[in-house]
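Notes for the one structure printed next.
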Amino acid sequence: AVYLLDRRWRRLQTHYEQVTGVMNESHAFSLNLVRHFMPSFKVAKYQFRGMKAKKNTAGVEFDNLGLVLPNGRRVLSGVTGRFEAGRMCAIMGPSGAGKTTFMNTLCGKATYGQMVGSMKINGQETNPQDLKGFTGFVPQDDIVHQDLTVREQIQFSARLRGDRRFSGSRVELITEDVLNVMQIDHIQNSIVGSVEHRGISGGQRKRVNIGLELAAEPSLLFLDEPTSGLDATSSLAVCLSLKKMCQLGMTSIMVIHQPRYSLFTLFDDVLLLGKGGETVYLGSSLGAKEYFEGLGFEMPRNENPADWFMDVLSGEVQNPKIPNFKPEQLFDIWRTHAADGGGAENADLENADLEGQQQQACVRLCASRSRMLSPEDDKMVLAQKLEEEWNSVDFNNDGVMDADELRQLLSHCASMRPDEKVVCEIMARMAGDGAKEVTKRQFLDYLCSLSGDVANDEMLRELSETGDTGLQLSGLSAKVPESEEESAASSSESTSSAPYSGSLAQSSTLEELTVQKRGFLRQLQILTLRRLVQWWRMNRQRAIFFAALGMGGVVLAVLDGFIVKSQRWDAMTYLNLHTCLALLLSIFCLNVFGNDQPVFWRESASGINVSAYHLSKVLVNTVDIAVQTFLFTSIYYLIRQPFIPYWEFIIPFLFTAYAASGWGYLVSTVVPPQHGPFIVSLVSFIICGLLGNPATLANFFEIPVMKLCVSLVSITRWSVQMSFVIANNYLEPEPVEFRDKARLDLYKQVYMKEGMTEGQDIGSSCIALLGMGLALRFFSYLGLRFMNRSKQV
């Protein structure tokens, strides 16, 4: 069944990859269509089809923000300012400036100290803990699932963390958006891999790390050095992707280390911190150079301004206007500057720079055109061009364009023949799903819609009407106005589909920003599916444990049957069998929660339901437990021939496996992974080998307190009792030798209570082991939830 599920899942992922190719080719051919009719028409290189401009955005304000460690040391001092909604902001500074500490304090991850000061979201005072419902955090380390493909990582993140109102179609469109924006669509079906098993490259892994958060569509995204370990080109590409996301209204705040100047100028705002965690500059990236030069610092020619800023903050650059300059003086200078309205002055610097660029652009544009054309003018020109050439496009002069005519036009514009699926996709975008022909009006409306960052074609409009995407596009218009009145009306209506303008930030409350996440049952379903996908890809590691269990069964069967020649009813034989199985299975179960702890901490911090996560792993691992128990017992049974029906022979071992796996789960959640095998081996030896020995049990049972303790923790105290009672019932032993008689009497005294039938003895053992397994699983859940709490915020 799992094999068939895996085959179906692989076919589905291959289908998604083909869909990605068709969608990207369709957009490329569409751009060629626009360039054919009007080369100067502004079009978007990529259009979001699942994501859209945010109605609720988040602007962050902080006043006198600081962090005090338990020893009283202050590592941040009075940082005041704001990051506007929908902007990409950078936090920079030399080593020891508290960059990461500031960001951790802002997003509530600085659990190692006490925050002082205050912060607000859209003017509403709040605590960092209240941001969890609409924020994302990208750690510096690339914490991803090693055994999932790139697409699966993004897909499951979107399903688990996205709005519960989103349909499956909307989730897949969001996944496509993230893959394309982060430029990892060409490797979407590649396993991410690890250090031991090479997968995708380090730069691609970094993009997946960021994409996991983008898939959740956070209003506020924090990133801890997202460009660390990347070359300059890759760093620029990553920041360009984040910049595009900010166009939808996402606020991005990141710690970044020594960017090149072209990357530095991508940031809308920059916070420069000096050593000691105090503000040196907060404002536009374009105004930073003018600010420091205004203080008297002189930047050498051909120097990277971003590196020069770090030299200034570190005290490596002298100031001719300030004798005996020290970096600490910059703190007081900035406080004075900010108190005197420095923010407005900085904005003037930015506006002056932008106005200069715009004037230069106008000069170049006016050289070729008598006046600047508005977007509406561009659309009118495009409509006129299409009107002039429509007859040459409509070959049979029937007033509409069919698939063959569209294919010929695409081939002419792109100098290559499009695939039939591409033609059908473009037809559907123009006229709706299943359309056989396109009118002139539909053709023009689609070309005009290519100018926006968010797609607004007929296919998405139809899906939104049926509720398949969750997109409310019915009110959005990309149609060409036919008159000045219609032009003015369409201009006012198009504001909802335009890129984020920042006008909605102050009206968004915390309740409006918080995403309505999926409930326990839906998350359990998604997490179980994800675990099954991972489970099937662990066959190589699983084979090692199967081999160990099989070898253990062979060795014990040979020893008992041919070397030691123990009696088939001997309880010590069953003690060795149950102890061996318990030890091996408990070690195997350490991997369930111990291998991917950093991934769990990240997901728990993002709001994943811990109960659903725990239960999904336990449920899927139950398959392994049952299969391994069957393998171990069947090998032993075939060699040893215990003269007991197999279905009764295996029952005690199944309960042993259930209880022993609980110990593996518990140890893996409370003990560091490197110590797990030692701890669980010691526990298994004590509770199974020592406390379950029939000779010691007889002594323990004489003391009520010891009997209770042993009964509560020892697995073999109950499982060996089950096996012995079953063997005694079927074999009815009548030993001849005195030693065997003494052992049999001891076993009956320990395991067979007076006044209780065989069924009652077995039933009490089943209940005890079932209760033990459930209790251990519950304690493992508590360990998962409450251990390492500081890493789950």
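Name the one entry in Gln183, Gln204 that is surrounded by fewer than 23 Cβ atoms within 10 Å (Cβ to Cβ), at positive phi and out of contact with any Asp or Glu (no Cβ under 6 Å at 6 or more places or on another chain).
Gln183
Only one of these is open to solvent by 30 Å² or more (accessible area, probe 1.4 Å), out of contact with any Pro (no Cβ under 6 Å at 6 or more places or on another chain), in contact (Cβ under 8 Å) with a residue 40 or more places away in the chain and not in a helix (DSSP H, G or I): Val736, Val793. Name it.
It is Val793.
Results for (1) farther than 27 Å from Ser604 by Cα; (2) at pLDDT 90 or above; (3) of a type in the set (Lys, Arg), shown as yes or no for each residue.
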| residue | (1), (2), (3) |
| --- | --- |
| Ile650 | yes, yes, no |
| Phe653 | yes, yes, no |
| Thr656 | yes, yes, no |
| Ser668 | no, yes, no |
| Phe678 | yes, yes, no |
| Ile687 | yes, yes, no |
| Ala698 | yes, no, no |
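Which residues, taken from region 402-429, are part of a loop (DSSP other than H, G, I, E, B), out of contact with any Asp or Glu (no Cβ under 8 Å at 6 or more places or on another chain) and more than 15 Å from Leu31 (Cβ to Cβ)?
Arg417
Taking interchain pairs and intrachain pairs at least six residues apart, which have beta carbon atoms under 6 angstrom, with the first residue in region 320-331 and of a type outside the set (S, T, N, Q) and the second part of a loop (DSSP other than H, G, I, E, B) and open to solvent by less than 100 Å² (accessible area, probe 1.4 Å)?
Once the first residue is of a type outside the set (S, T, N, Q) and sits in region 320-331, its partners that are part of a loop (DSSP other than H, G, I, E, B) and open to solvent by less than 100 Å² (accessible area, probe 1.4 Å) give Pro320/Gly296; Lys321/Gly296; Phe325/Asn319; Pro327/Gly315.
Go through region 111-140 and give me each residue that's in a loop (DSSP other than H, G, I, E, B), within 14 Å of Ser219 (Cα to Cα) and open to solvent by less than 30 Å² (accessible area, probe 1.4 Å).
Answer for region 111-140, where residues must be in a loop (DSSP other than H, G, I, E, B), within 14 Å of Ser219 (Cα to Cα) and open to solvent by less than 30 Å² (accessible area, probe 1.4 Å): Asn122, Gly133, Phe134.
Name the pairs whose Cβ atoms lie under 9 Å apart, with the first residue in region 628-639 and at negative phi, the second among the basic types (Lys, Arg), and 6 or more positions between them or separate chains?
Partner pairs satisfying both residue conditions: Gln628/Arg542.
Identify, from the list Phe778, Phe724, the residue that is surrounded by fewer than 15 Cβ atoms within 10 Å (Cβ to Cβ) and modelled with pLDDT of 90 or more.
Residue meeting the stated conditions: Phe778.
Tell me, which residue of region 153-176 that is of a type in the set (D, E, K, R) and either part of a loop (DSSP other than H, G, I, E, B) or under 10 Å from Val208 (Cβ atoms) (or both) is least open to solvent (accessible area, probe 1.4 Å)?
Result: Asp163.
Against the conditions (1) open to solvent by less than 50 Å² (accessible area, probe 1.4 Å); (2) charged (D, E, K, R); (3) at pLDDT 90 or above; (4) under 28 Å from Ser285 (Cα atoms), where does Lys54 fall short? Just the number, please.
(3)
Can you go through Val555, Val592 and tell me which one is among the aliphatic types (A, V, I, L, M), surrounded by fewer than 21 Cβ atoms within 10 Å (Cβ to Cβ) and assigned to a helix (DSSP H, G or I)?
Being among the aliphatic types (A, V, I, L, M), surrounded by fewer than 21 Cβ atoms within 10 Å (Cβ to Cβ) and assigned to a helix (DSSP H, G or I) holds for just one of Val555, Val592, which is Val555.
Show me the helices (runs of 4 or more DSSP H) entirely contained within region 181-289 in which 2 or more residues are among the aliphatic types (A, V, I, L, M) and closer than 22 Å to Pro305 by Cβ.
In region 181-289, 232-246 are the helices (runs of 4 or more DSSP H) which contain 2 or more residues that are among the aliphatic types (A, V, I, L, M) and closer than 22 Å to Pro305 by Cβ.
Go over the candidates Gly98, Gly86 one by one and state the one that is open to solvent by less than 20 Å² (accessible area, probe 1.4 Å), of a type outside the set (A, V, I, L, M, F, W, C) and more than 22 Å from Leu248 (Cβ to Cβ).
It is Gly98.
The values are calculated or read from the model by the stated rules, or taken from the named source; none is laboratory data. Remember, it's a predicted structure, so these values are computed and weren't measured experimentally. Quick reminder, even Gly has a Cβ in these numbers, built from the backbone with ideal geometry, and neighbours come from all protein chains shown. Surface areas here come from the heavy atoms of the whole protein model, side chains and all, with no ligands, DNA or RNA. Shrake-Rupley method; radii C 1.70, N 1.55, O 1.52, S 1.80 Å.
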